[in-house]
Amino acid sequence: MYVAFLWHMHQPYYRDAVTGQYMMPWVRLHAAKDYVDMVMLLDDYPGIRMTVNLVPSLLEQVNDYVEHGAVDLVWELSVPDPATLNEKQKCLILENFFHAQFDNMIRPFPRYRELYDRRGWARSHEELRQVVRLYSNQAFRDLQVWYNLVWIDPLFRRADPELNRLVQKGRGFTEKEKHYVLEKHRELMRAMVPAYRERMERGQIELTTTPFYHPILPLLCNTDLATVARPEIALPRRPFRHPEDATEQVHRALEYFEKLFGVRPRGMWPAEGSVAPDIIPILAQAGVEWIASDEEVLGKSLGTLIRRDLRGNVLNADVLYRPYWVEHDGARLKMLFRDHYLSDLIGFQYAGWDPEEAAEDFVGRLEALARSPNRGEEPWIVPVILDGENCWEHYEEDGLPFLRALYERLSDSTLVRTTCISEYLDRFGPQHSVPRLFAGSWINHDFRIWIGHEEDNRSWDYLHDVRDLVVQHIEQHRHELTEDQIREAWKRIYIAEGSDWNWWYGDDHSSGMDELFDQLYRDHLAAACLAVGLEPPAFVRIPIARAAKPRHDYGPHGFIHPTLDGRLTHFYEWQGAGHYDPALYSTAMHPGRCRLQHLFYGFDEKHFYFRIDADPTVLHPTEPSRVEVVVHLFAQNKAWRFAMELERNGHPRSYTLSASFRRKPGYGEPSAVGSKKKSKGQAVPASSNMGNGGNGTLSVQNESSEQVVPRVAVGEIIELELPFAALGLKPDDELVFYVTLEIDGREVERLPSHTQLAMYVPAEHFEYMHWTV
């Protein structure tokens, strides 16, 4: 059996159309931390084959740094001696130089953690002005060094003696040492394209690409295609229908790719896996041989479901793990559909696992598939497709231990072989066809992320109107305009057609810099007008993004008194609780459908409360598997594990619930939170067998032998009441927590996936300070 990894490498277009400066540093930082090491690591595993998708807008920006010495805002704040910086610049450093994953990129380095803690909760300009005085010039230089140093991949930090020495030194850096770190960023950016080309030419990787500025190709053809998956969706006031723009984005991508790598790519990953019948002729006529999307698109195209058991294993594997022909208007392409679940395991779940166990679990799943008695004559291909840069900061050492363990096991496997996608398709072409390709993306098989919300639709209207104005102006004044002017105007329009702007519009995602993304988008529209001597319309000066978006991890803001009966007793029962929704709390990556769907949490004067909304297959398991929902709790250097086993005993509402409080020493160490490693702490178990209705009372003794009584109810939802006395906590103590779904002792889902939530034991006058009417 074959597994085909496709790592998708992409960054939005950060270059300001007015100043030419890169407003965000992510192209440079990800090049230093993620892009180069992903292929250099393969040198140690010559038997591993994979496909890497490089988006032209990313490559164009990398080339701008390499060939033209481009700089970004963070670079310009990193270069000067801190003694020459003014107060505003120092505030910008404190605002921007902690944009790094805390557990893996800040906490492991004492000096960087010290500088982070010194800033505290200061965020506004006035707060930062007060904090600036706490930092000496040496402290600012150390911060300049550490921020750029942690964004160099550990593979390179260890291999470079000077970088390794600087990590050990920790503080008191010199200007010379700082500039060594910055030059290393430039060096890694220069190495990026040659590194990919070398491994492509020796046959270890296949390189593919995406339409140039990462547009949602079907929506460029016709925004009405959004109604295929969602007939009720709100559309922009004016439809956008420009398949000629989609064609141009494809052709420009293929030409630019060939310029850099000497060959045209055979495959293409449509941005966000977005497909529709309308794009098939465009791609086929451009010479593209194959594309890919998500399993949900396949299911919709075939009118069936990709069915899975509780462990996530596909039950109709012969449907998913084979290539297809897709056809439209006499054109056809080969097509693969990714295994959504396996891709999300790497993207969202394994970061919290021990790397060896994660790799063992992943390869074990593949080998179990390879042993399946239902396989036909042709070998299956399992497409695993995900972002190639955004998940690794959540992994130990930027994912290196996991990737090494994964590649070692795959290299040793006698059942599973890695492959480049074209290599597989050359040997085992499609034998089946999709009757009609469904119009959708790799996120919920629809386009709702990019259209439908008021902000998304307004951005489409802005694009529509500016494009019409520019085209009309060019037609009327063509004899007065140079080719360079016209070319520049179209470039700005094509940039504005990229998907990234609408990724941040609406309530689906937040970057923490949504207003800046909004400004960049509208600046590109204005620049399209200015390029041909046209005054930009007044509306492009009106922001699209709201000043403040709702957060999706609302903390508790009042006492709650839920009735523990396993159902939503009344509308206001959980009003005042904190709420976490994994489908909404997303940044550059978007999770698939979650079986742990919502988490509510709060307290009254004596208890913590948790409400877990889960898929019915979790609440009412029908398979012979041990299904556990586990609440992990951490406070005061201790940790607890509250496990609820949901087991069908022949009655549809009959469960066995068990709970244990597991004391783990050393909370606060990197391995104490979010780890699969075995605890050396002593467990104090408690259990209760529940009858019909799924309600139970669990009696546990705490360290002082005081009797405490957690209570659980399971029905349509899971409700848990946990006395403060069970944890020995006092007012204002912080409780950190997350929830996992475990099948047969294996963690398969976590909520939140990459971090933890927190709440505090309420102080005596909490309710008076938070009263509402």
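Results, tabulated for the structure shown:
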read-out	value
Lone unmet requirement of (1) touching a Pro at 6+ places or on another chain (Cβ under 8 Å); (2) surrounded by 20 or more Cβ atoms within 10 Å (Cβ to Cβ); (3) more than 26 Å from R448 (Cβ to Cβ) for S274	(3)
Close pairs from segment 558-572: first at pLDDT below 90, partner assigned to a loop (DSSP other than H, G, I, E, B) and among the polar types (S, T, N, Q), Cβ under 6 Å, at least 6 apart	T569/T563
Extreme residue, farthest from Y213 (Cα to Cα), among residues of segment 42-72 that are open to solvent by 50 Å² or more (accessible area, probe 1.4 Å) and touching a strand residue (DSSP E or B) at 6+ places or on another chain (Cβ under 9 Å)	G47
Count - residues of segment 391-433 that are farther than 30 Å from H30 by Cα and touching a helix residue (DSSP H, G or I) at 6+ places or on another chain (Cβ under 8 Å)	3
Hits in segment 495-516 - residues which are crowded, with 22+ Cβ neighbours inside 10 Å and not acidic (D, E)	I495, A496, G498, S499, W501, N502, W503, W504, Y505, G506
Selection status of Q138, polar (S, T, N, Q) and either closer than 30 Å to D387 by Cβ or at pLDDT below 95 (or both)	no
Test: residue in segment 385-408 that is basic (K, R), surrounded by fewer than 20 Cβ atoms within 10 Å (Cβ to Cβ) and under 22 Å from D318 (Cα atoms)	no
Every pair of residues 6+ apart whose Cβ atoms lie under 6 Å, when the first sits in segment 124-143 and is charged (D, E, K, R) while the second is open to solvent by 50 Å² or more (accessible area, probe 1.4 Å)	D142/R171
Within segment 612-633, tally of residues that are part of a loop (DSSP other than H, G, I, E, B), open to solvent by less than 20 Å² (accessible area, probe 1.4 Å) and not small (G, A, S)	1
Unique residue being touching a residue at least 60 places away in the same chain (Cβ under 8 Å) and open to solvent by 40 Å² or more (accessible area, probe 1.4 Å) when the list is L469, L520, L525	L469
Among (1) surrounded by 21 or more Cβ atoms within 10 Å (Cβ to Cβ); (2) of a type in the set (A, V, I, L, M); (3) in contact with a Pro (Cβ under 9 Å, 6 or more places away or on another chain), the one test that L302 misses	(1)
Residue check, Q101 within 30 Å of V363 (Cβ to Cβ) and surrounded by fewer than 21 Cβ atoms within 10 Å (Cβ to Cβ)	yes
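The values are calculated or read from the model by the stated rules, or taken from the named source; none is laboratory data. As the structure is a computational prediction, the values presented were derived from the model and not from experiment. Cβ: placed from backbone, ideal geometry, glycine included. Neighbour counts: every protein chain shown. We work out accessible area using only protein heavy atoms, side chains counted, and drop any ligands, DNA or RNA first. Shrake-Rupley method; radii C 1.70, N 1.55, O 1.52, S 1.80 Å.
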